[in-house]
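Laboratory data are not the source of any read-out in this text; all were calculated from the coordinates shown. Treat the numbers as computed from the prediction; the structure is a model and nothing was measured. Please note: Cβ atoms are built from the backbone with ideal geometry, for glycine as well, and neighbour counts cover all protein chains shown.
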Amino acid sequence: MTKEPLLLFPNVHKVMTADRICKKNNITTRVIPVPEEISSECGMCLVVAPAEMERCVVVLEEQGLGFKIHKRGEDA
């Protein structure tokens, strides 16, 4: 398992919206199923490269998208 941070959203619609916004801003993301060991309201999440996380957070917050950051290897 890789150690990239995950962005957790309350629903799939927000995951897909965030993915589109990131891609428009040249931020590399991957949509993946939420790992079983993580509790989430939504079954999908975004994987973001650590080097792009700060910019990703700024862009998504500017758009008013609520999310939680989960750093793999830490408790949720």
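Brief remarks follow.
- Listed peptides 18-25, 45-52 appear in the order 45-52, 18-25 once ranked by packing, highest mean of other Cβ atoms within 10 Å at the front.
- Coarse-grained scattering of the chain at q = 0.21 Å⁻¹, given as base-10 log I(q)/I(0) from a Debye sum over alpha-carbon atoms: -0.87
- Ranked packing of 8-14, 66-72, most packed first, by mean Cβ within 10 Å: 8-14, 66-72
- A full extension of the chain between Lys68 and Asn11 corresponds to an added length of 19.3 nm, given 0.36 nm per residue minus the alpha carbon distance.
- Over the chain, dividing the summed -39,500 (n - 2.57) contributions of all DSSP H runs of at least 4 residues by the number of residues returns a 222 nm mean residue ellipticity of -9500 deg cm²/dmol.
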